[in-house]
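First comes the structure, then the notes that go with it.
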Amino acid sequence: MDLLSQIVARAKSNKQRIVLPEAEEERTLTAADRVLADDIADIILIGNPEKVHALAEEKGLKNIGKATLIDPENCEKSEEYAQLLCELRKKKGMTIEKARELVKNPLYLGCMIIKTEGADGQISGALSTTGDTLRPALQIIKCQPGITCVSGGMLLISKQKQYGEDGVLVVGDVAVTPMPDANQLSQIAVCTAQTARAVAGFADPRVAMLSFSTKGSATHEVVDKVIEATRLAKELDPELKIDGELQADAALVPSVGQKKAPGSDIAGKANVLVFPCLEVGNIAYKMVQRLGDAIAIGPVLQGIARPVNDLSRGCSVDDIYYMVAITACQAMDAKK
């Protein structure tokens with residue numbers, strides 16, 4: 001069974017409630033229909049009921065009736081949500097009038113449903129920007145305890161089975177935080193290991209903190225940052241298997257790891273790679289994807305207390321379908 005099939009199977013095993021706040025969008029509704037047909041998750045759609053039903057009929061979607069459909073303009077809990085939002089944001093100057101307006105926004109409404117335990121996760125981005133997706137999540141759901149930095153993890157599936165976990169690597173950050181400091185980088189490490197467990201199904205995440213130096217082979221302030229981040233990650237999660245600073249070949253290739261970092265439990269055995277900055281991570285995964293013919297799945301947003309994921313506006317129905325399964329796996333892990 002390939003990795004995507006494993007992710008879908010895990011989602012099916014413990015169905016979660018996933019909000020799709022862009023229900024009037026064709027790809028989103030088609031993916032929802034497929035998710036419901038395959039019994040992967042319980043779906044909450046946010047949109048105008050007439051428009052949603054008309055689109056479902058036009059596209060021949062037979063399973064949309066299984067979803068919970070919420071009209072953002074006529075939600076029976078709107079006032080409850082507005083009062084709570086006003087309370088949550090009162091120190092930021094939120095008024096009840098502004099809160100009442102915001103809970104009509106599907107992205108805010110979905111996050112309020114999650115906040116009040118009516119759902120387990122949310123996916124948007126087919127119509128919305130990353131900023132629009134993240135803003136309500138950070139204002140309402142907020143970050144995990146001990147985490148202040150949101151990041152993006154990526155699953156890379158390579159034909160080179162000798163690397164990572166049978167050719168699968170989880171890497172971060174590739175999407176969100178441009179220049180993390182040592183504290184933020186330590187959080188990215190912990191969260192990327194969580195993604196490796198929850199989404200990729202790794203029983204034993206082994207984290208390499210990447211650099212252009214291995215164990216003092218070079219000196220520079222950016223190397224010092226990686227060394228400090230490794231130390232802080234161990235404090236944040238004492239059970240985490242992590243080492244750094246390591247060059248990529250020392251992290252992945254056993255013979256190189258033994259030569260450059262003798263005695264390391266991670267060198268040559270890493271299945272989770274943490275990049276020193278977003279620029280490196282984004283370039284690296286795209287080069288591996290294009291030149292190495294690897295499959296890239298994600299990015300998966302990390303660090304939020306309940307999963308809220310972002311899609312590309314050029315996403316396909318398949319992308320949304322699998323992101324529902326990924327979000328469901330994250331939601332299961334968040335409840336542990």
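Check whether at least one residue in the range 250-257 is open to solvent by 10 Å² or more (accessible area, probe 1.4 Å), in contact with a Ser or Thr (Cβ under 6 Å, 6 or more places away or on another chain) and either modelled with pLDDT under 95 or part of a loop (DSSP other than H, G, I, E, B) (or both), and report yes or no.
No, the range 250-257 contains no residue that is open to solvent by 10 Å² or more (accessible area, probe 1.4 Å), in contact with a Ser or Thr (Cβ under 6 Å, 6 or more places away or on another chain) and either modelled with pLDDT under 95 or part of a loop (DSSP other than H, G, I, E, B) (or both).
Output the residue which, of all residues in the range 266-302 that are open to solvent by 20 Å² or more (accessible area, probe 1.4 Å) and on the phi > 0 side of the Ramachandran plot, is nearest to the chain's Cα centre (by Cα).
Filtering first and then ranking leaves Gly298.
So Glu58 fits all but one of (1) in contact (Cβ under 8 Å) with a residue 24 or more places away in the chain; (2) within 21 Å of Ser316 (Cβ to Cβ); (3) not small (Gly, Ala, Ser); what number is the exception?
Unmet condition: (1).
Here are some conditions: (1) part of a loop (DSSP other than H, G, I, E, B); (2) surrounded by fewer than 21 Cβ atoms within 10 Å (Cβ to Cβ); (3) at negative phi. Ser213 meets all but one. Which one does it not meet?
Single failed check for Ser213: (2).
Picking from Asn282, Asn271, which residue would you name as being touching a strand residue (DSSP E or B) at 6+ places or on another chain (Cβ under 8 Å) and not hydrophobic (A, V, I, L, M, F, W, C)?
Asn271
Has the range 30-49 got at least one residue that is more than 25 Å from Ile141 (Cα to Cα) and free of Cβ contacts under 8 Å to residues at least 24 places away in the same chain?
Yes, because at least one residue in the range 30-49 is more than 25 Å from Ile141 (Cα to Cα) and free of Cβ contacts under 8 Å to residues at least 24 places away in the same chain.
May I ask you to list the residues in the range 228-249 that are in a helix (DSSP H, G or I) and open to solvent by 10 Å² or more (accessible area, probe 1.4 Å)?
Result: Glu228, Arg231, Leu232, Lys234, Glu235, Leu236, Ala248, Asp249.
Residue under question is Ala208, and the condition is that it be in contact (Cβ under 8 Å) with a residue 24 or more places away in the chain, part of a loop (DSSP other than H, G, I, E, B) and in contact with a strand residue (DSSP E or B) (Cβ under 8 Å, 6 or more places away or on another chain); does it hold?
no
Which of the residues belonging to the range 305-333 are open to solvent by less than 30 Å² (accessible area, probe 1.4 Å) and farther than 17 Å from Gln16 by Cα?
Within the range 305-333, Asp310, Leu311, Cys315 meet the criteria.
Each row is one residue, and each column tells you yes or no for (1) surrounded by fewer than 24 Cβ atoms within 10 Å (Cβ to Cβ); (2) in contact with a Leu (Cβ under 6 Å, 6 or more places away or on another chain); (3) of a type in the set (Gly, Ala, Ser).
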{"site": "Gln83", "(1), (2), (3)": "yes, no, no"}
{"site": "Leu88", "(1), (2), (3)": "yes, no, no"}
{"site": "Thr95", "(1), (2), (3)": "yes, no, no"}
{"site": "Asn105", "(1), (2), (3)": "yes, no, no"}
{"site": "Gly110", "(1), (2), (3)": "no, no, yes"}
{"site": "Ile114", "(1), (2), (3)": "no, no, no"}
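The values are calculated or read from the model by the stated rules, or taken from the named source; none is laboratory data. Because the structure is predicted, anything quoted here is derived from the model rather than measured. Quick reminder, even Gly has a Cβ in these numbers, built from the backbone with ideal geometry, and neighbours come from all protein chains shown. What goes into the accessible areas is simple: the full protein's heavy atoms, side chains included, and nothing from ligands, DNA or RNA. Shrake-Rupley method; radii C 1.70, N 1.55, O 1.52, S 1.80 Å.
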